[in-house]
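J.: This structure is in structure tokens; I'll ask about it shortly.
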Amino acid sequence: MVSRVIPVETFDLVIFGGTGDLARRKILPGLFRRFCSGQMPDNAAIIGAARSEHDDAEYRQIVRDAIVEFGGAQAKRDAGMLDGFLEHVSYVAVDIKGESGWMALAGRLRGDVVRAFYFSVGPSLFGDIAERLHAFGLATSDSRIVVEKPFGHDLESARTLNATLAKHFAETQIYRIDHYLGKETVQNLMAVRFGNMLFEPLWNSQYVDHVQITVAETVGVGGRGAYYDKSGAMRDMVQNHLMQLLCLIAMEAPAKFDPDAVRDEKLKVIRALNPVDYHHIVRGQYAASDHDPSYRDDVDNARSTTESFIALKVMISNWRWAGTPFYLRTGKKLRARTSEIAVVFKDTPHSIFGEEAGRHRNVLSIQLQPNEGITLGVTIKEPGPGGMRLVDVPLDMTFADALGPDAEEVPDAYERLIMDVIRGNQTLFMRGDEVLAAWAWTDPLIQGWTSRREVPKPYDAGSSGPEDALMLMHRDGRRWRDIRA
Ligand code: NAD
């Protein structure tokens with residue numbers, strides 16, 4: 001029941017950083033899956049461009065290894081198609097900061113096809129690539145560029161980055177990736193909200209008690225310690241991923257499902273966010289456990305005050321949401337790997353069944369990880385002769401069940417987003433002003449705890465975060481949903 005695959009237009013896709021971690025882990029296996037699904041046209045070209053010297057054959061071997069390692073079950077099943085896919089792949093060694101390789105790359109590009117450049121390199125190189133694409137005549141007025149997070153470190157740096165890209169590319173050519181937006185469930189959230197009459201009348205502070213957004217990881221900072229310690233959970237997760245999820249829950253219905261209409265509505269939400277009182281922010285750092293080092297050991301900085309966990313209570317000042325808190329939390333080394341948005345509805349105004357029947361609430365749970373799906377908790381009578389007792393049962397809209405054996409064919413976020421780039425559809429990409437508005441809200445919070453010299457609270461690996469985060473909700477007579485996979 002997966003929607004019919006419509007091949008995209010023929011394209012030349014250049015992956016700067018084509019030998020890097022992201023390209024090998026996500027971009028190339030994703031492109032292979034699109035190839036297997038029949039979405040890639042016959043004469044599409046994928047050109048890896050990176051610093052090291054390889055000929056086409058060597059690069060194809062790198063791509064083959066990456067697909068075998070990271071392509072999952074489907075790549076194993078479709079291994080017979082790998083040779084066909086690799087015929088689309090070639091390589092040019094390019095020095096992004098120098099002159100070499102650019103003319104050779106120009107020679108590989110065709111004039112009459114969609115042209116896209118994926119900047120899968122550190123953000124310090126974005127400006128150099130943009131400049132040289134222009135200087136060597138590789139960028140046409142219709143070319144697209146794809147840029148990865150982090151998009152800036154604060155408002156100032158994000159402004160600079162926007163300005164650097166804007167020197168050579170129009171906003172309609174710039175695709176800022178937030179892979180959370182490419183998830184099937186995130187788009188389904190919009191379908192559920194705006195394709196049904198059922199939810200929208202209840203989608204406001206009169207009926208919604210609160211919203212919880214949790215993105216929990218079980219891993220620590222791993223090999224990214226040096227980068228992460230300069231960033232922290234607020235910059236790494238809240239400013240982009242959690243903010244985007246909040247926008248999709250809170251935004252008004254756009255007039256149509258078109259890139260600027262959707263992004264205009266998201267921007268209004270970000271601009272309506274209240275500054276967060278410091279009593280409503282809890283930051284944490286994972287402590288050492290029996291087997292594992294602490295956050296400070298992991299980042300090799302004994303005095304680090306960077307947070308590996310953050311929880312916030314966020315209020316939105318507009319007619320729809322005034323009075324309904326949005327509780328956000330994200331962290332590393334937590335109990336389970338899960339991403340969930342829970343819309344918790346208010347209690348019925350009066351229980352006709354009496355207190356002994358129990359009180360229950362409807363919760364719409366949108367699960368993004370590890371499995372994608374949407375569940376609505378509905379209260380019914382407990383079956384059997386035990387009198388009128390109430391229980392919650394889930395109305396399950398999990399794709400694996402609804403779509404049957406085809407469910408595993410649902411494209412991964414990256415591959416869906418790359419196809420959107422080729423199609424020229426920016427709906428699921430962040431616009432420059434959205435990114436700036438998100439930083440404008442984030443910056444004062446970070447400045448606040450920096451100037452107060454706040455030290456994050458320690459929490460145990462495998463827990464739900466620091467005690468204070470539980471208190472953040474207990475004080476309001478509410479509780480977090482369990483973190484479980
Ligand atoms: P990486 O260090 O593994 O790869 C960097 C790539 O850039 C390599 O191919 C390298 O050859 C190339 N490169 C570096 N300097 C160059 C130069 N001067 N000239 C030509 N090529 C050069 O990095 P990564 O993990 O793949 O990350 C790439 C981008 O994606 C970063 O902006 C990162 O923040 C972002 N990102 C990565 C992940 C991930 O899972 N790895 C997730 C989200 C975002």
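J.: Can you name the residue in segment 335-366 that is in a loop (DSSP other than H, G, I, E, B) and of a type in the set (A, V, I, L, M, F, W, C) and is also most open to solvent (accessible area, probe 1.4 Å) among such residues? Walk me through how you get there before you give the answer.
T.: Taking segment 335-366 as the starting set, the residues that turn out to be in a loop (DSSP other than H, G, I, E, B) are 335-337, 346-354, 358-362.
In the following step, the residues that additionally are of a type in the set (A, V, I, L, M, F, W, C) were identified as 336, 352-353.
Working: Ala336: 11, Ile352: 132, Phe353: 81 Å².
The qualifying residue most open to solvent (accessible area, probe 1.4 Å) is Ile352.
J.: Let me ask you something else. Hey, does segment 296-308 have a residue that's under 24 Å from Arg361 (Cα atoms) and of a type in the set (S, T, N, Q)?
T.: So the first thing to find is which residues in segment 296-308 are under 24 Å from Arg361 (Cα atoms), and the list is none.
No, the conditions are met nowhere in segment 296-308.
J.: What's the number of the only condition in (1) near the ligand (Cβ under 10 Å from one of its atoms); (2) more than 24 Å from Ala45 (Cβ to Cβ); (3) modelled with pLDDT of 95 or more that Asp128 fails to meet?
T.: Status for Asp128: all satisfied but (2).
J.: If you don't mind, there's one more thing I want to ask. Looking only at segment 444-478, filter to residues that are outside any loop (DSSP other than H, G, I, E, B) and charged (D, E, K, R); which one of those is most open to solvent (accessible area, probe 1.4 Å)?
T.: The extreme case among them is Glu467.
J.: Could you grab me the full set of residues in segment 367-392 that are open to solvent by less than 30 Å² (accessible area, probe 1.4 Å) and of a type in the set (Val, Ile, Thr)?
T.: Ile374
J.: For segment 393-419: of the residues being of a type in the set (A, V, I, L, M, F, W, C) and modelled with pLDDT under 85, which is surrounded by the most Cβ atoms within 10 Å (Cβ to Cβ)? Reasoning before the result, please.
T.: First, the residues of segment 393-419 that are of a type in the set (A, V, I, L, M, F, W, C): 393, 395, 397, 399-400, 402-403, 407, 410, 413, 417-419.
Those left that are additionally modelled with pLDDT under 85: 397, 399-400, 402-403, 407, 410.
Numbers: Met397: 17, Phe399: 20, Ala400: 15, Ala402: 12, Leu403: 15, Ala407: 18, Val410: 16.
Restricting to residues being of a type in the set (A, V, I, L, M, F, W, C) and modelled with pLDDT under 85, the top hit is Phe399.
J.: If you go through segment 201-220 one residue at a time, how many are open to solvent by 40 Å² or more (accessible area, probe 1.4 Å) and over 18 Å from the mean Cα position of the chain (by Cα)?
T.: Final tally of qualifying residues: 4.
J.: For segment 327-374, which residues satisfy the criterion of being of a type in the set (Asp, Glu) and out of contact with any strand residue (DSSP E or B) (no Cβ under 8 Å at 6 or more places or on another chain)?
T.: Within segment 327-374, Glu355, Glu356, Glu372 qualify.
J.: Would you tally the residues in segment 226-259 being in a helix (DSSP H, G or I) and crowded, with 19+ Cβ neighbours inside 10 Å?
T.: 21
J.: Next up: Would you tally the residues in segment 141-151 being at pLDDT 95 or above and either within 15 Å of the ligand (Cβ to nearest atom) or among the polar types (S, T, N, Q) (or both)?
T.: Total meeting the criteria: 4.
J.: Would it be correct to say that Ile6 is of a type in the set (A, V, I, L, M), within 15 Å of the ligand (Cβ to nearest atom) and under 25 Å from Arg423 (Cβ atoms)?
T.: Numbers: of a type in the set (A, V, I, L, M): yes; within 15 Å of the ligand (Cβ to nearest atom): no; under 25 Å from Arg423 (Cβ atoms): yes.
So Ile6 fails the test.
J.: I need every pair where a residue in segment 139-156 that is touching a residue at least 60 places away in the same chain (Cβ under 8 Å) and over 18 Å from Ile418 (Cα atoms) has its Cβ under 6 Å from the Cβ of a residue that is away from the ligand (no atom under 12 Å from the Cβ) and open to solvent by 30 Å² or more (accessible area, probe 1.4 Å), sequence separation at least 6 or different chains.
T.: Leu155/Ala440
J.: Restricting attention to segment 92-119, report how many residues are open to solvent by less than 20 Å² (accessible area, probe 1.4 Å) and either more than 9 Å from the ligand (Cβ to nearest atom) or within 26 Å of the chain's Cα centre (by Cα) (or both).
T.: Residues meeting the conditions: 8.
J.: So is Gly122 modelled with pLDDT under 95, of a type in the set (Gly, Ala, Ser) and buried (at least 17 other Cβ atoms within 10 Å of the Cβ) or not?
T.: No.
J.: Out of curiosity, is Ala23 within 10 Å of the ligand (Cβ to nearest atom) and in a strand (DSSP E or B)?
T.: No: the conditions fail for Ala23.
J.: Still on this structure, I have one more. Filter segment 59-91 down to residues that are modelled with pLDDT of 95 or more and part of a loop (DSSP other than H, G, I, E, B) and give me whichever is farthest from the chain's Cα centre (by Cα).
T.: Among residues in segment 59-91 that are modelled with pLDDT of 95 or more and part of a loop (DSSP other than H, G, I, E, B), the one farthest from the chain's Cα centre (by Cα) is Glu87.
J.: Give me the pairs: first residue in segment 247-274 and at positive phi and among the hydroxyl-bearing types (Ser, Thr, Tyr), second residue modelled with pLDDT of 95 or more and in a helix (DSSP H, G or I), beta-carbon distance under 7 Å, and six or more apart or on different chains, which are they?
T.: Cβ pairs passing all conditions: none.
J.: Report yes if Asp42 is open to solvent by 70 Å² or more (accessible area, probe 1.4 Å) and either at pLDDT 95 or above or within 11 Å of the ligand (Cβ to nearest atom) (or both), otherwise no.
T.: On the way: open to solvent by 70 Å² or more (accessible area, probe 1.4 Å): yes; either at pLDDT 95 or above or within 11 Å of the ligand (Cβ to nearest atom) (or both): no.
Judged against the criteria, Asp42 is not a match.
J.: Sticking with this one: Within segment 62-82, does at least one residue satisfy the condition of being within 23 Å of Leu109 (Cα to Cα) and within 16 Å of the ligand (Cβ to nearest atom)?
T.: Looking through segment 62-82, at least one residue is within 23 Å of Leu109 (Cα to Cα) and within 16 Å of the ligand (Cβ to nearest atom).
A quick yes/no check of all residues on (1) open to solvent by 40 Å² or more (accessible area, probe 1.4 Å); (2) out of contact with any helix residue (DSSP H, G or I) (no Cβ under 8 Å at 6 or more places or on another chain); (3) among the acidic types (Asp, Glu); (4) farther than 17 Å from Asp412 by Cα:
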| site | (1), (2), (3), (4) |
| --- | --- |
| Ile6 | yes, yes, no, no |
| Asp12 | no, no, yes, yes |
| Asp55 | yes, yes, yes, yes |
| Ile62 | yes, no, no, yes |
| Asp78 | no, no, yes, no |
| Gly84 | no, no, no, yes |
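J.: Take the residues in segment 142-195 that are polar (S, T, N, Q) and within 14 Å of the chain's Cα centre (by Cα), then tell me which one is nearest to Lys266 (Cα to Cα).
T.: So the residue we want is Gln187.
The values are calculated or read from the model by the stated rules, or taken from the named source; none is laboratory data. Not measured: the values here are computed from a predicted model. Every residue, glycine as well, gets a Cβ built from its backbone with ideal geometry; the counts of neighbours run over all protein chains shown. Quick note on the areas: whole protein, heavy atoms, side chains included, nothing else; ligands and nucleic acids left out. Shrake-Rupley method; radii C 1.70, N 1.55, O 1.52, S 1.80 Å.
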